[in-house]
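Take this structure first; my questions come after.
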Amino acid sequence: MSDAVLDTLTRQEYPHGFVTDIDTDVIPAGLSEDVVRLISNKKGEPEWLLDWRLKAYRHWLTMVEPKWARVTYPPIDYQKIVYYAAPRSSKEGAPKSLADVEPELLAMYEKLGVPLKEREILAGVAVDAVIDSVSVATTFKEKLASVGIIFCSFSEAVREHPDLVKKYLGSVVPSSDNFFAALNSAVFSDGSFCFIPKGVRCPMELSTYFRINQADTGQFERTLIVAEQGAVVSYLEGCTAPKRDTNQLHAAVVELVALDDAQIKYSTVQNWYPGDREGKGGIYNFVTKRGKCAGRNSRISWTQVETGSAITWKYPSCILLGDGSVGAFYSVALTNNYQQADTGTKMIHIGKNTRSTIVSKGISAGHGQNTYRGAVTIMKNAEGARNYSQCDSLLIGDQCGAHTFPYIEVKNSSATLEHEASTSKIGEDQLFYCRQRGLSAEDAVSLIVNGFAKRVLKELPMEFAVEAQKLLGVSLEGSVG
Amino acid sequence: MNLLEITNLHASIEEDGHEILKGIDLVIRPGEVHALMGPNGSGKSTLAHVLSGRPGYVVTQGSARFLGMDLLAMPAEMRAREGIFLAFQYPVEIPGVSNTYFLRTAVNTVRKHRGQPELDAIDFLALLDEKAKLVEMEETLLNRSVNEGFSGGEKKRNEVLQMAVLDPKLAILDETDSGLDIDALRVAASGVNALRDGARGMLVITHYQRLLDYIIPDFVHVLSDGKIVKSGDKNLAKELEAKGYSWIEKEPPATASAVAGAAAR
Ligand SMILES: Nc1ncnc2c1ncn2[C@@H]1O[C@H](COP(=O)(O)OP(=O)(O)O)[C@@H](O)[C@H]1O
Ligand SMILES: [Mg+2]
């Protein structure tokens, strides 16, 4: 696009890039069995969990980093990463109440706009706040507990509900699943645990807000959500990190389990620091997310808005085991400057009359590279399975790239699969049309992109849809040129 | 003050330096409706684009003033906010963005610029409702994505609707008639006529005389090869219709520029 347009645009800085000065308990960089033991010990874990970690670690040693994704980065030195960092005050476990949370931490979340004070603004949302390696606060716990819902940090769940954790941990993503999942299984520090008992419809949105603060630290959180028979829950995760010119690794694992007639809606607004305009710094977001529709007529839907991270490697998937179960994946992935994203989903149809929907919207600007990689597998006994896939790419400028790799494997001939794909470019004419009506170039781009992503954005819970819309606009500022 | 004052305007395509406008002189005063006619490729749309600030052109000579402001120094959105409206020859589709939302965003951007309070959803819908009647626009089209899946006629009516809602000081209509059947043409033209208020200026670009049966212009100019070669009143359009553009193109250049100079006053 023309220089005139470029010149009228200003560039917005990543607004969450500040570092908070808090006293932090950090272990030395490097990974070994001793480090795994140290982490487990710091968290006061039972023997079985340490064994589980060690098994994962030993398996990880035999694995190699996956190279099939369409992303490039210099080799990661796993011995240079710090695997545990926790704000000092929470050394002895999470604070009992908000009154025990350090004021610096409260101020940090305030600045990030995350409501830890159970107050008016997002009163309908319960938040678990995770910084570096630990959860520092979880709101609305008592209120949720009154209907039998467990919503707490992973560490607390290990202490208070070991049987549930033992039953479901690794049941969807085995510790040997892939390189990053194995690493996570060995060194995971904290995360959120949600358990919605039979027949309970969760009365509010549950959310976890992840924040990396410490330098050279990896974040390896684990989230486990279990919805029993007929339970319904909507969960949202958000994340930010300071601006640093080194790359930081984030390798999370999320497991979802839905029993008969249960519904889990999992939404992500991923806004890790993406690196600067020249591609320096940023988070490597290498994440394994998988849901198991274990019961009949269960439903799991993933909605993600991925605007941050230098590199995203992420395929939230559904195992459709129960007859009549339904999986969905709605994704907006945006790459600007030198960001790279290789993201998509796997829908594995095992049960009869299982259905899945995939809607992927990739937006590339600057030198951004955006890949959709998806697999739809219909197993032999998945009589009457149906899939609908739609993958659209939007290009802004001519130095970015969009790539689509849809894989399909059908072992049952009664399956119905539909696939649509498109690639379009924000044209000079669309932009000019908006500007001729008085909109600034930035507002025009934001409007066009939001229109493009609408089908996905409308899947987000209301409050977050508004945030996501703004985020898309901000992430693209400076991209028209 | 003159609404628009174009003096010796030369403009080229940025990419290849090809000159399209070769010295345009034109003055539009408040309330006047000017028709700009001319064969395909003579530069009518180019003039509309240069006046509204579309990227891709370079002005090599001359000037254009709008209410005394140096129009060419302003970015496109500022020209729009100051009151220049272009009804596009080829309106653009914006998938996923509702027509109503788009227009409300535009109206409020313009209002903000003028120091007026933004319209809330209710006030805006009242305004939209009133203007939609003017162009006989169905409500379903207002809720659909901007121009997506609209017929040619619907797109053009949508342009007139936007113009009515945005209330510009100078409206440039680029072949708003082309591709319309006679009924659609009448609707579009009556929408435009309803906006003639003695203050608003209009530059009505058309290839055919037909539109000018409905929108009676105060002045008619004929553009040929990037120059206004003839100016006159509404009868010039009729004459053109009878004799065809070849009649103009055969005029000796000297006579043509003398007429154009007179038109510029
Ligand atoms: N963006 C452009 N790039 C190249 N040539 C152009 C461009 N815009 C217009 N032209 C050329 O300029 C001339 C005038 O075009 P235009 O202004 O559209 O004429 P009209 O509207 O009178 O039919 C034509 O020869 C056309 O091909
Ligand atoms: Mg034209």
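The values are calculated or read from the model by the stated rules, or taken from the named source; none is laboratory data. The shown structure was predicted, so the numbers you read here are calculated from the model rather than taken from an experiment. Virtual Cβ from ideal backbone geometry, glycine too; neighbours counted across all protein chains shown. We work out accessible area using only protein heavy atoms, side chains counted, and drop any ligands, DNA or RNA first. Shrake-Rupley method; radii C 1.70, N 1.55, O 1.52, S 1.80 Å.
Hey, which of these cross-link pairs are over 30 Å Cα-Cα: B:LYS131/B:LYS230; A:LYS141/A:LYS198; B:LYS44/B:LYS243; A:LYS280/A:LYS458? Walk me through the numbers before you get to the answer.
Values: B:LYS131/B:LYS230 36 Å; A:LYS141/A:LYS198 18 Å; B:LYS44/B:LYS243 20 Å; A:LYS280/A:LYS458 33 Å.
Long pairs (Cα-Cα over 30 Å): B:LYS131/B:LYS230; A:LYS280/A:LYS458.
Given +1 on the Cβ of Lys and Arg, -1 on the Cβ of Asp and Glu, and no further charges, what dipole in debye does chain A carry about its Cα centre, rounded to the nearest 20?
Details: 51 positive and 56 negative charges, 267 e Å.
My answer is approximately 1280 debye.
Using just the helices of chain B, give the 222 nm mean residue ellipticity in deg cm²/dmol: DSSP H runs with n ≥ 4 each add -39,500 (n - 2.57), and the total is spread over all residues, rounded to 500.
-12000 deg cm²/dmol
If you consider only alpha-carbon coordinates, what radius of gyration and Dmax does the stretch A:206-350 have, in Å?
15.9, 50
Taking the Cα centre of the stretch A:427-481 as origin and charging only Cβ (+1 Lys, Arg; -1 Asp, Glu), how large is the dipole, in debye to the nearest 20?
Values: 6 positive and 8 negative charges, 38 e Å.
Here the size comes out at about 180 debye.
May I pose another question? In chain A, if the dipole is taken from +1 on Lys/Arg beta carbons and -1 on Asp/Glu beta carbons about the Cα centre, which of A:ILE396, A:MET379, A:SER32 is farthest to the positive end?
A:MET379
When all alpha-carbon pairs of the stretch A:365-481 are counted, what percent fall beyond 23 Å?
In whole percent, the long-distance tail amounts to 45.
Still on this structure, I have one more. Whole-Hz ³J(HN,Hα) for each residue in the stretch A:398-406, computed from phi via Karplus 6.51 cos²θ - 1.76 cosθ + 1.60 with θ = phi - 60°, x for glycine and proline: what do you get?
Couplings: 10, 10, 9, x, 10, 9, 10, 10, x Hz.
Quote the FRET efficiency, to the nearest 0.05, computed for B:LYS238 versus A:GLN390 with a Förster distance R0 of 56 Å and r equal to the Cβ-Cβ distance.
For B:LYS238 and A:GLN390, the calculated efficiency is 0.55.
Have a look at B:SER190, B:LEU72, B:TYR214 and report the one farthest towards the positive end of the charge dipole of chain B, computed about the Cα centre with Cβ charges (Lys/Arg +1, Asp/Glu -1).
Comparing the listed Cα positions along the dipole, B:LEU72 ranks first.
Go through the stretch B:9-17 residue by residue and turn each phi into a ³J(HN,Hα) via Karplus (6.51, -1.76, 1.60, θ = phi - 60°); whole Hz please, and just put x for glycine and proline.
7, 10, 9, 10, 6, 4, 5, 10, x
Using only C-alpha positions, report the orientation-averaged shadow area of the convex hull of the stretch A:427-481, nm², one decimal. Numbers along the way, then the final one.
Values: hull surface 15.5 nm².
Its Cα hull, projected and averaged over all orientations, spans 3.9 nm².
Scan around B:LEU3 for amide H atoms under 5 Å from its own, H built in the peptide plane at 1.01 Å from N, and keep only partners 5 or more places away or cross-chain.
Placed amide hydrogens put B:ILE28, B:ARG29 under 5 Å from B:LEU3.
Using only Cα atoms, what Kirkwood radius does the protein assembly as shown have, in angstroms?
Details: mean 1/r = 0.0348 Å⁻¹.
Mean inverse Cα-Cα distance, inverted, gives 28.7 Å.
Then there's this: Quick one: the Cα spread of the stretch A:161-259 along its three principal axes, in angstroms, biggest first?
Extents along the principal axes: 48, 31, 20 Å.
Right, here's the next one. Put +1 on the Cβ of every Lys and Arg and -1 on every Asp and Glu Cβ in the stretch B:101-173; which of B:GLY115, B:LEU125, B:ALA164 then has its Cα farthest towards the positive end of the dipole?
B:GLY115
Now for a different question. To the nearest 20 debye, what charge dipole does the stretch A:134-208 have about its Cα centre, counting +1 at the Cβ of each Lys and Arg and -1 at the Cβ of each Asp and Glu?
240
Report relative contact order for chain A in percent, whole number only (criteria: Cα-Cα under 8 Å, sequence separation at least 6). Intermediate results must be reported in sequence, preceding the final value.
Details: 1278 pairs, mean separation 53.9, N = 481.
Result for chain A is 11 percent.
Mind checking the alpha-carbon convex hull of the stretch B:103-182 and giving the volume per residue in Å³?
Working: hull volume 8.1 nm³, N = 80.
Given the Cα convex hull of the stretch B:103-182, per-residue volume reads 102 Å³.
Considering only protein heavy atoms and a 1.4 Å probe, what is the carbon-and-sulfur percentage of the accessible area of the protein assembly as shown?
That fraction is 50 percent.
Still on this structure, please answer the following. Per residue of the stretch A:267-273, what does 6.51 cos²θ - 1.76 cosθ + 1.60 with θ = phi - 60° give for ³J(HN,Hα)? Whole Hz please, x for Gly and Pro, Karplus curve as stated.
For the stretch A:267-273, the Karplus curve yields 10, 10, 10, 9, 9, 4, 4 Hz.
For the interface of A with B, what's the total buried accessible surface in square angstrom, probe 1.4 angstrom, rounded to the nearest hundred?
So the total buried area for this chain pair works out to about 2200 Å².
Here's a follow-up. Which cross-chain or sequence-distant (5 or more) residues have an amide H under 5 Å from the amide H of A:ASP25, H modelled 1.01 Å from N in plane?
For A:ASP25, whose amide H was placed from the backbone, the distant partners under 5 Å are A:ALA86, A:ARG88.
A further question follows. If amide hydrogens are placed 1.01 Å from N in the peptide plane, which non-local residues have theirs closer than 5 Å to the one on B:ILE172?
The answer is B:PHE85, B:LEU86, B:ALA87, B:LEU203.
In units of 2.2 N^0.38 Å, what is the alpha-carbon radius of gyration of the stretch B:4-264?
1.00
With only alpha-carbon atoms counted, please give the Rg and Dmax of the stretch A:25-84, in Å.
So, for the stretch A:25-84, Rg and Dmax equal 13.7, 40 Å respectively.
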